[in-house]
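Visitor: Below is one structure. I have some questions about it.
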Amino acid sequence: MKAITVKLGKVGVEIKDIELKQIKNKIKVRTISTGICGTDREIVYNELNFVKPEEGDYLILGHEALGIIEESIENSIFKEGDLVVPMVRRPGNCKLCKIGRQDYCLDGNFIEAGIRGKNGFMCEYFYEDEKYLVKINKSIQEYAVLVEPLKNVMKIVEVFNFLKNRVSWECDDSTYSCKGAWIFGTGPEGILISLVFKSLGLITTIVNRHPLPTNILDFLDINGIEFFNSSSDDWSKKLKDYPMDVAIDAAGTTEIFNQIIENINNNGIIILFGTKGSGSIEKGEFITKIVDKNLSIAGSEDGSKLHYIQASNYLENYAPKQNIKNLITGIYKPEDIWILKEKPKDEIKSIIKWS
Ligand SMILES: [Zn+2]
């Protein structure tokens, strides 16, 4: 079968012919589509130091996927023809991994499909333990490849709900209509976070430090999400109508962290998801502001099986209303491996169609 692979420690990507052995008690899944994200491109450019093969010196790429069951196993809840999304992270041996919360792994000894220690899904078929498959309704087939990136957002909402219970957050009509969410970063995760916070009823603003292509601006506009260009727009003017009560960073620079601490309202919630991690923090002043403003700050990484299910439910409910299919800006063939090296200018999400 065709598989898109990288050689460990080398820059580049190739399409290889690989045959997988039938594995007992595992379900055979035929790949329908796989999404491409920043992590895949970082792996191709050999920029991540935690990439590990499953065996040999190559790794099949791909962790965002949708597949169809080709051969099930006895007594399985899955039958042939069911649509499924495979989970990325597989548990290690710690206490939290043992209860399915490998997203909160204590020791880092988990494995991740297409990233560390397990082949991914950019191939024509794969064998999978049914525990790590999430059933998908046929009505969302067209964009179900977004379940994986969206599950991260569902976990962010879980963290947000936990932190917001610290103090009353409701507006005087019991809703959140007076509260504002600011999302930093306009990649697919940033846009998905904005859509979900908009659906929660918050005034939602998305931020980048450069102008956006028209297709992204139009998509945000249709969904009632405000765009703020942090290099040229006026912060104090914008904050009057678009308050910052929760800030979610999907980029990861300390410049953004500075801007958040400076502009967020008292009792604000900051959730960090981006991991680019550059720049430095002026400690003293920061501490005073975090304390004086009663801020809560949390990191959020990955998500559990429950979040995959919530993501799939979210797409069933909101994809038609929010035009989510327009997030898929390019559909490519497995042979188009250049797409793993080059990002098209107007890309939100590029996908590879396998069958
Ligand atoms: Zn663990």
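Visitor: Suppose R0 equals 51 Å. What FRET efficiency, 1/(1 + (r/R0)^6) with r the Cβ-Cβ distance, do residue 292 and residue 70 give to the nearest 0.05?
Guide: Details: r = 59 Å, r/R0 = 1.15.
Plugging the Cβ-Cβ distance into 1/(1 + (r/R0)^6) gives 0.30.
Visitor: Here is a further query. State the extension gain, in nm to one decimal, for the chain segment bounded by residue 267 and residue 48, taking 0.36 nm per residue of separation less the distance between their alpha-carbons.
Guide: Working: separation 219, 0.36 × 219 = 78.84 nm, distance 3.58 nm.
Additional length available on full extension: 75.3 nm.
Visitor: Further question: Estimate the FRET efficiency between residue 23 and residue 241 by the formula 1/(1 + (r/R0)^6), using the beta-carbon distance for r and 51 Å for R0, to the nearest 0.05. Walk me through the numbers before you get to the answer.
Guide: Working: r = 56 Å, r/R0 = 1.11.
After rounding, the FRET efficiency stands at 0.35.
Visitor: With springs only between Cα atoms under 10 Å, which of 37, 178, 123 fluctuates most in a Gaussian network model of the chain?
Guide: Sorting by GNM fluctuation, first place goes to 178.
Visitor: Another question, if that's okay. Testing the spin-label approximation: label points 7 Å from Cα along Cα→Cβ at residue 178 and residue 254. State their distance in nm.
Guide: For the pair residue 178/residue 254, the computed spacing is 3.7 nm.
Visitor: Between residue 215 and residue 10, 0.36 nm times their residue separation minus their Cα-Cα distance comes to what?
Guide: Values: separation 205, 0.36 × 205 = 73.80 nm, distance 3.45 nm.
The residue 215-residue 10 span can extend by a further 70.4 nm.
Visitor: Now a separate question. Among 236, 304, 72, determine the one that fluctuates most according to a GNM of the chain built with springs between C-alpha atoms less than 10 Å apart.
Guide: Taking springs between Cα atoms under 10 Å, the residue moving most is 236.
Visitor: Averaged per residue, what accessible area in Å² does the chain show with a 1.4 Å probe, protein chains only?
Guide: On the way: 16340 Å² over 355 residues.
Heavy-atom accessible area per residue stands at 46 Å².
Visitor: Let me ask something else about it. On a 18 Å Cα-Cα criterion, which of the cross-link pairs 131/353; 24/131; 198/276; 79/305; 28/135 come out too long?
Guide: Details: 131/353 25 Å; 24/131 14 Å; 198/276 25 Å; 79/305 20 Å; 28/135 14 Å.
Going by Cα-Cα distance, 131/353; 198/276; 79/305 fall outside the 18 Å limit.
Visitor: As a test of the formula, what do you get for the chain when each DSSP H run with n ≥ 4 contributes -39,500 (n - 2.57) and the sum is divided by the residue count, at 222 nm and rounded to the nearest 500 deg cm²/dmol?
Guide: After summing the helix terms and dividing by residue count, I get -7500 deg cm²/dmol.
Visitor: On a full-extension model of 0.36 nm per residue, what is the gain between residue 316 and residue 168, subtracting their alpha-carbon distance, rounded to one decimal in nm?
Guide: Details: separation 148, 0.36 × 148 = 53.28 nm, distance 3.05 nm.
The span from residue 316 to residue 168 would gain 50.2 nm if fully extended.
Visitor: Hey, another quick one. Within 10 Å of each candidate Cβ there may be at most 15 other Cβ atoms; applying that plus a DSSP loop requirement, which trypsin sites (Lys or Arg not before Pro) in the stretch 111-183 survive?
Guide: Details: sites: 116, 118, 131, 135, 138, 151, 155, 164, 166, 179; in loops: 166, 179.
In loop regions of the stretch 111-183 (DSSP not H, G, I, E or B), the sparsely surrounded trypsin sites (Lys or Arg not before Pro) are 166.
Visitor: Ok, one more. Heavy atoms only, probe 1.4 Å: what % of the accessible area of the stretch 260-355 goes to carbon and sulfur, would you let me know? Mind showing how you got there, number by number?
Guide: Values: 2560 of 5070 Å².
Carbon plus sulfur share of accessible area: 50 percent.
Visitor: Please check: in the Gaussian network model of the chain (C-alpha springs, under 10 Å), which one of 150, 61, 217 has the largest mean-square fluctuation.
Guide: Checking each option, the largest mean-square fluctuation is seen for 217.
The values are calculated or read from the model by the stated rules, or taken from the named source; none is laboratory data. Everything quoted here is computed from the prediction, not taken from an experiment. Note: ideal-geometry Cβ built from the backbone for every residue, glycine included; neighbour counts use all protein chains shown. Keep in mind that these areas ignore ligands, DNA and RNA; they rest on the heavy atoms of the full protein, side chains included. Shrake-Rupley method; radii C 1.70, N 1.55, O 1.52, S 1.80 Å.
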